[in-house]
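Read through the structure below, which is laid out as structure tokens, and then see the notes.
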Amino acid sequence: MHLSAFSRRGKLTDRMLSKAVLAPIACGHAPPAALVEHLGLQHDVPRFLELFHLHGGVAMGGLPKYMAFYQAIKPHFPDSFGWRVTQTGGKTQVLFDKPYINFVRPSLLTLLTCCVRGHTHTTPALMARYPSLRGMPQALVRDLERLLAALSFHLPDDEFIAAVADVLLKGLNGEEVTLVSPVCPDYGYVPCKGGFRYTFDGLGDGVGLVAGRVVGVLPRLQDLLARHGIRSRIVIAAGDFEGMDEATVSRVGETRGSFRDKLERSQRRVLQALQRPAASVFIAELAGGEAAWKAMVDAAHHSLSGDDFDALMPTRVNLAQVLDARMPLYQAWHEGRSRSELADVLLRQGAEYAAMGRLFHRHFPHALVVGGDHNRMMPFYWLYQRIPVLYLKRVY
């Protein structure tokens with residue numbers, strides 16, 4: 001029997017081979033001997049038959065045909081293999097959760113073969129998704145995968161993860177990594193469907209919305225790095241420049257002096273909440289003061305406002321989509337402004353993120369930015385350099 005007998009429209013996939021071997025067994029018959037020999041499964045098929053009968057044999061009572069195989073596979077991949085049976089139009093359908101093996105989702109035949117041969121090592125799903133992580137230790141990637149999922153991190157394009165991988169490799173080689181988190185002032189906010197909404201009805205002096213998010217993340221990330229031999233320090237970078245904008249100061253009912261006082265108290269409380277050593281910096285001060293900061297932002301804004309915006313940005317940015325995502329925030333912050341005016345607010349903020357990226361890259365060797373505000377702003381950090389950035393999923 002030629003292998004073409006098992007193909008469809010000239011194609012022969014792993015899934016087709018799986019069906020050709022397992023379907024006969026599930027019906028109580030032997031699989032095609034020629035195919036078994038071609039695939040080198042002569043010693044495995046008897047074990048398939050043994051497992052099939054051990055776990056129930058031929059399915060009865062409307063159960064999926066391969067149920068015995070699912071039951072046989074599950075103990076070998078307890079955390080990564082599962083299934084759900086659904087009914088669609090009177091037809092039974094099985095939806096799978098499968099591990100990655102050698103960076104791909106395997107067929108049932110491959111999984112069974114791995115089980116009987118004792119080859120049950122899986123590839124972290126994060127490593128399969130992001131090719132840039134394939135030079136990293138799998139144990140580190142697996143831990144990182146669990147952390148990113150548990151703490152609701154946004155999963156960006158591979159180019160962002162590649163920058164993160166680069167800085168982690170430097171950490172593995174003995175360099176100290178700086179986990180730097182820019183945080184907003186403690187503006188008023190309220191819970192709403194799906195997260196929170198800033199009201200800007202006042203300014204507090206506690207741990208604000210964004211700061212509270214990174215406080216819950218940074219210690220766990222630092223502990224993960226330490227488990228893998230990576231030294232790190234934490235820096236909380238306060239957005240003091242927002243207190244230099246008269247419209248913002250007026251909007252929250254403060255003076256420049258009272259705004260600054262509350263920001264300093266907030267920073268002290270953020271450091272206390274971390275319950276571990278950390279440094280506090282003020283972003284405009286890091287630039288050299290208000291004039292130096294504004295000059296940096298003006299230069300970035302000039303670049304972003306040009307006709308060559310798309311060519312200038314090192315990664316794709318859809319400004320209209322970013323503006324739509326930020327619109328509820330801007331409408332609360334800058335009441336009464338038109339969409340075109342808010343579009344310039346977005347570019348101005350993008351310039352601030354670009355300036356922050358430049359500052360963090362300059363002052364903190366091997367920096368990893370951990371953001372808790374809005375992941376749509378990630379690309380602007382890259383205007384001048386590809387600084388590593390990880391962001392939590394947005395909640396406002």
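Taken together, the values in this text are just the output of simple stated rules run on the coordinates, not laboratory data. A quick note: this is a predicted structure, and the numbers were derived from the prediction, not measured. Methodologically, a virtual Cβ is constructed for each residue, glycine included, from the backbone with ideal geometry; neighbour enumeration extends over all protein chains shown.
Measure nothing but the geometry: give the 0 to 90° angle between the long axis through the Cα atoms of 138-150 and the longest principal axis through the Cα atoms of the chain, rounded to 10°.
Rounded to the nearest ten degrees, it is 60.
Quick one: what are the phi-derived ³J(HN,Hα) couplings along the range 154-166, Karplus 6.51/-1.76/1.60 with θ = phi - 60°, whole Hz, x for glycine and proline?
6, 9, x, 5, 4, 5, 5, 5, 4, 5, 5, 4, 4
Determine the sum of side-chain charges near D240: Lys and Arg each +1, Asp and Glu each -1, restricted to other residues whose C-beta is under 10 angstrom from that of D240.
-3
Are there any GluC sites (Glu not before Pro) in the range 267-353 that are in a DSSP loop and have at most 10 other Cβ atoms within 10 Å? List them by number. Mind dumping the intermediate values first?
Details: sites: E285, E290, E335, E341, E352; in loops: E335.
Here the sparse-neighbourhood loop sites are E335.
Between D298 and R316, what is the spin-label point distance in nm, taking each point 7 Å from the Cα along the Cα→C-beta axis?
3.5
From the gyration tensor of the Cα coordinates in the range 3-117, what semi-axes in whole Å does the equivalent ellipsoid have, largest first, with each one equal to sqrt(5λ)?
Semi-axis lengths for the range 3-117 are 21, 17, 16 Å.
Can you give the angle from 0 to 90° between the axis of helix 45-54 and the longest principal axis of the chain, with both taken from C-alpha atoms, to the nearest 10?
Between helix and principal axis, roughly 80 degrees.
What is the total of Lys pairs in the range 3-117 with C-alpha atoms under 19 Å apart, excluding same-chain pairs fewer than 8 positions apart?
9
Hey, got a sec? Which GluC sites (Glu not before Pro) in the range 167-275 land in a DSSP loop and have at most 16 other Cβ atoms within 10 Å?
E175, E176
Relative to the first principal axis of the alpha-carbon coordinates of the chain, what is the inclination of helix 290-304, with its axis defined by its Cα atoms, in degrees from 0 to 90 and to the nearest 10?
On a 0 to 90 degree scale, this one is about 50.
Using the alpha-carbon centroid of each, what span in Å lies between the range 346-369 and the range 176-209?
19
In whole Hz, what ³J(HN,Hα) sequence does the range 214-221 give by Karplus (6.51, -1.76, 1.60; θ = phi - 60°), x for Gly and Pro?
Couplings: 6, 4, x, 10, 4, x, 5, 5 Hz.
Let me know the longest stretch in the chain that avoids all trypsin sites (Lys or Arg not before Pro) found in a DSSP loop with at most 12 other C-beta atoms within 10 Å.
The answer is 10-192.
Name the residue, out of L169, L155, L41, whose mean-square fluctuation peaks in a Gaussian network model built on the chain with Cα pairs under 10 Å.
Residue with maximal mean-square fluctuation among L169, L155, L41: L41.
Binning at 20 Å from 0, report for the chain what percent of all alpha-carbon pair distances ends up in each bin.
23, 42, 25, 10, 0
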